[in-house]
Structure formats: structure tokens, C-alpha cells
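Derivation of every value follows stated rules applied to the coordinates shown; laboratory data play no part. Values in this document were obtained by computation on a predicted structure and should not be read as measured data. Neighbour counts run over all protein chains shown; Cβ positions are idealised from the backbone, glycine included.
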Amino acid sequence: MRTAINRQMKRYASALGLVLLSATLGSCGSEKSRSLPPTAAGYGTSAPVKTTNNASYRTPALSGPMRRNPDMTLRSDFTNGPAISFSRVPVADKYIAITFDDGPNPNNTPRLLDMLRARNIKATFYVVGSNVDLYPQIVRRTVAEGHEIGSHSYTHRLLSKMSDPEIRNELNRCRDAIGRATGIQPRTLRPPYGGLLQRQREWVNAEYGYPIILWAVDPLDWKRPGPSVVCSRILSHTTAGSIILAHDLHSQTVDAMPATLDGLLQRGFKFVTVSQLLAMKGDTSTAQATAATPAP
Ligand code: NI
């Protein structure tokens, strides 16, 4: 019992240390002591819950000019190969794709779009069709600002427990909601909770052409660990080619983004959309293309 309490106290002390360190350095710091499950298939079966805005959180002030993602002209016309599921893509340079799930959300998504625009970052949004029908104007803005939209089903239920016709209904309704709102169609699918059986992945890929997009970096932001923890988990686990999972449904996640995005840019990562990352599969010329890109 005492050991357990001691361990608990040590954990708090170490968490406090991280917070203090972050405050000192003006970034969220790193969290090397904690190891995350690599690409666990989702996080249970309960749906994410809506959270209230964290009104007390203040984004740390910038010291110096804001870092910006470089302007890049990259292909996004990926071809389907033998692999249909992706949590990362092997790339020749420090390209990454950050993804935001479960929106659009009227409070958080516009705030996030402002942060991305200020940094010239294009992200990928895995939207829930029913939310698209509620807030089509937010999805229109998302597309207009150069981001990519992917399917995250219509009702955010666990697809792996559904019949094929039920899955088809979820995917069609999400696709149609996105089409009504924006005139475009999603090109990739992230199944809610990452839950889709191999057999289902195969027929979905064959029928819709959607690669199944999972993730290499999971900050477990839906558990609301606080913005600095979300930030430090992402910074310490992101490597070249990573697909990063985050949720614009949660205010804490968006609160974490200024420090997270700035930290990733500072580490030399370049943000691309999921389709652009997929288009780099086996493309060795990306290294040269990058060398020709002027520094920000
Ligand atoms: Ni989700």
C-alpha cells in the first residue's frame, strides 16, 4: 500500500516537474518516461464524449516570429498498392500528417483552423457525417483552406460489429454528407476506434477505393490529460512518416496545438495531408523535391 502511494506521489512529482520544465522552456517539454502502446486498435468501444471548453488555459506566448510550414507542391494522387492499411508511410524526409477526428465541432474546429492557417499547415480531418450535416459551413471552410477531408463514418459506431450493408450505409451517408457540404468526396477512411476487420477492410477498399488510415502516434487526448501532456506525447513519439491522431472534438486537444505544431515545426517536420503522404509511398524523388523547397 505504502509502495503504491509512494509510486503515485513520484508520478505526481514527475508530472509537476514536467509542467514546471515546460513553463521554463516555453514548450511542452518531453515525456520520455511514459511509453505508449504503439498502434493499439483504438481505445475501447465507448464513444468520445463532448467536453466543455477549458476557459482557464492560456496558450504560452510566442517568443520570436511564428514558424511556418514550408510551401510545397506535392502530389496527392496516391495509387492503391498491395497494402490497404496505414499507420505510417516510409518517406525520404521528415514528412508527417496530422489528423483530427470526430468533428466538425462549432467551438473547437474554427479555433483550430485559425492556428493551422497561421502556420501554413494543411491537416486531414476525419469527420463524422452527422456532424457534417449539423455544421456544413465549417467543413466548407476546412476545404477552402486547403485541408483534406476523410470519412469517419456517419454515426461513429464500431463498424467491426456491423453487417456489410450497415457498414455500406455508414460510409455512403458520410460520403453524401461531405458531398452536400463541400462538393468533394472523401478518399480515405478512418474507422471509428480503428475498428474494422481485415475482411471488411478489403471489401471497403475494393468498393470505395479508401485506404484504411490508422495512426502511429496516439496522445490519448480523448482521456483529457491536459494540453501539456497531449503536446509532450505527440512531440516525443513523432518520427518521419508518422500519422498523428488527435481529436478536434476536445477543447484540450486544440488548446495543446499551438505548442505542439510549433514544436514539430521546430524539430524540422513538414506537414502534409494523408493523401500527400500516401502518394510518397516508394517515391524516392521526394528527397530531391524537398531539397528544392526554400526554407521557411
Ligand atoms: Ni473517432
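Computed over all pairs of different Cα atoms, the Kirkwood value for the hydrodynamic radius of the range 142-296 is 17.3 Å. Applying 0.36 nm per residue to the separation of residue 118 and residue 176 and subtracting their alpha-carbon distance, the gain on full extension is 17.8 nm. Longer than 18 Å from Cα to Cα, which of 161/223; 94/223; 122/223; 94/122 are they? Say none if no pair is. Pairs exceeding 18 Å: 161/223; 94/223; 122/223. Here the label points at residue 185 and residue 169, each 7 Å from Cα along the C-beta direction, are separated by 2.2 nm in the simple model. Farthest towards the positive end of the charge dipole of the range 152-265, among the residues 247, 185, 153, is the Cα of 153, using unit charges on the Cβ of Lys, Arg, Asp and Glu. Charge dipole (Cα centre; +1 on Lys/Arg Cβ, -1 on Asp/Glu Cβ; no other charges) of the range 102-239 amounts to roughly 240 debye.
Legend: calculated FRET efficiency, residue 202 to residue 68, from the Cβ-Cβ distance at R0 = 45 Å, rounded to 0.05, equals 0.65. Scaling against 2.2 N^0.38 Å puts the C-alpha radius of gyration of the range 165-216 at 1.12.
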